[in-house]
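See below for the structure under consideration.
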């Protein structure tokens, strides 16, 4: 049985921590050494795989608002907000590396790779969700490896760009993940990262409600701190994790979730539109997008 004594920081491995929130099924900790926010206990790997199978095939999960979220990964249409987001991310990557081999870690159905291929990239992917991979191969005709990236060898290939969209928050060892990506990065290559922003207006408001009610009101927090996200970065802690993997961030920005992908009633949608509009004004958007490259020893060595 996993106890609180096992809850070491997944980035710096420090056992020193502070309890931030206690929610229904988990505790949310701040690392006292590096400030990473993380969930405990973590789901077992087989539980995570089963969860993603349900999310991709049925849209079923613990957060009803995400019911339609994964459905957009099957639709390669210019009007799809996910396709539009991928185009913007590629717009940010391409000033640093404009073409070549691209590996998408956690590629799912392969939609991002299909978008990248149209822009001249040579696409490759890796994912351990069999159902999503089958779609990537059959519908998009992509070369996709099935399995965990930790076991990936790439058949000796290196890549000019590596992307991990909404992946690092699921990592049990994020520095190892980043280091492995750097290990198959071609000289001058870049790594694209997206992840929820822990230092967001959602945490600020939901956390305030939790504290005002002496920990009794947890439901707003449970919309943000969800079971398959083990780690919650902010710009500073993401920069630190990259540096530990000998990577430097060359571009970082805060972004908001596109509410078009969520299953929301009209009052909830209006409330979230207002909150995210305010977040933009005070720089507390709920997501991070970043581009990294291999650091020189002077830049990223530790």
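Details
- Along principal axes, Cα extents of the stretch 218-302, largest first, whole Å: 51, 28, 21
- 222 nm mean residue ellipticity, helices alone, for the chain (DSSP H n ≥ 4; -39,500 (n - 2.57); rounded to 500): -10000 deg cm²/dmol
- Candidates 205, 168, 288, ranked by Gaussian network fluctuation over the chain, Cα under 10 Å, top entry: 205
- Comparing 179, 138, 200 in a Gaussian network model of the chain, where Cα atoms under 10 Å apart are tied by springs, the biggest mean-square fluctuation is seen for 138.
- Of all DSSP bridge pairs formed entirely within the chain, close to 55 percent run antiparallel.
- At an R0 of 45 angstrom, the distance between the Cβ atoms of residue 58 and residue 270 translates into a FRET efficiency of 0.95.
- Ordering of 225-235, 37-47 by packing is 225-235, 37-47, highest average first (other Cβ atoms within 10 Å, averaged per residue).
- For the stretch 160-252, the share of alpha carbon pairs falling in successive 10 Å distance bins from zero is 15, 42, 25, 13, 4, 0 percent.
No lab work stands behind these numbers, since they all come straight from the coordinates. Keep in mind it's a predicted model, so treat the numbers as computed, not measured. Cβ atoms come from the backbone with ideal geometry, glycine included; neighbour counts cover every protein chain shown.
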